[in-house]
1. Relative contact order of segment 153-199: what whole-number percent is it, with Cα pairs under 8 angstrom and at least 6 residues apart?
2. So for the chain: antiparallel DSSP bridges make up what percent, rounded to the nearest 5?
3. Let me know the shape class of segment 290-366, please: from the alpha-carbon gyration tensor, a ≥ b ≥ c as square roots of the eigenvalues, rounded when a/c is under 1.5, otherwise prolate if a/b is greater than b/c, or oblate.
4. How long are the semi-axes of the equivalent ellipsoid of segment 60-114, taking √(5λ) for every eigenvalue λ of the Cα gyration tensor, in whole Å from largest down?
5. Rg(Cα) of segment 214-370 divided by 2.2 N^0.38 Å?
6. Quick one: angle between helix 360-370 and the longest Cα principal axis of the chain, in degrees between 0 and 90, rounded to 10, please.
7. Under the definition of Cα pairs under 8 Å and six or more residues apart, what whole-number percent is the relative contact order of segment 287-375?
8. Tell me, in nm to one decimal, what length is gained between residue 188 and residue 54 on full extension, where the rule is 0.36 nm per residue of separation less the Cα-Cα distance?
């Protein structure tokens, strides 16, 4: 596989999959996988571990079409909470810098750092720029800039975020809405919107199995302050009063015990089924066997679950938040105001009766035109080259 000799990229991820949460930041990895067949890409991954190790352990592995340098450090638990935090912060800082020295000595001299989500890894990218003159670009997916997310009101976080974002060579938010809100927060760097990517070879249309009931799908973390899953459950309860021709399948990456209790208490077991966490290959069949997708979030940026639905030809019922009003139209689904359970009730009923009127091939065509690996790869490579030329 040919890789441009001029592009040596270190990727720093603020969010990356873990054993406890294997889907965390998977959209960041998709960007890396997309671009790595035309660049020498390396993910520098530093982890604190509780089990006994030497002061530091280092391991270089091949992952798909890129390399990953894994550095493990011992988690400090010997002191009080405040001292432990300071020691661990210092150990992480040393480990990242050790990783950079290792890369320079044994692998390549980096041309550029690609930072995925500003915090916490952006502290390292910012230091490297000051200390070594190593420029970085930033892909941003984080909802913290949105007015519905109140965390940015903390001055300490705000100042650090602004320092990281304003020193990036180019910021690549995943949609125009996020770009506007970042600018409203005082971010002044150059922007180029680069959306999330979907593996359209994996997520595709497949003939649906015959079922007695219509199949709805919801995929999320179930974190209620963002996804408003409790609101969706209340609406499903109302729909169930008048009809029993559907099932809501829920694929989720976090605990659902409280929601399952609600289902039991309201006798909804016949129309709401929890399936737990699924990896990317496992989850495809849930999209392919669904009739439409439902998302009732309070706020979003550009959720991959909607793009995956499109790639599988699914219409979507979702809220008018983030980029969703710009990509969901009457040919691809229905929109409701955030938090409006009455509107969602009517749109779910509508979709249950009319989902067959949506064209699966036209919905998938939209995904192929906007979110394929090839499309996103060319945009990212061009940004890399532009930044390297301007260094």
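1. Details: 42 pairs, mean separation 19.7, N = 47.
For segment 153-199, the relative contact order is 42 percent.
2. Details: 8 of 52 bridges.
For the chain, the DSSP antiparallel bridge percentage is about 15.
3. Numbers: a/c = 2.01, a/b = 1.17, b/c = 1.73.
It comes out oblate by the Cα gyration axes.
4. The answer is 28, 13, 9 Å, longest axis first.
5. 0.95
6. 20
7. Working: 130 pairs, mean separation 27.6, N = 89.
31 percent.
8. 43.9 nm
Every read-out reported here was derived from the displayed coordinates using simple, explicitly stated rules and does not represent laboratory data. Note that the structure is a prediction, hence the values are computed from the model and not measured. For neighbour counting, all protein chains shown are included, and Cβ atoms are generated from backbone atoms with ideal geometry for every residue, glycine included.
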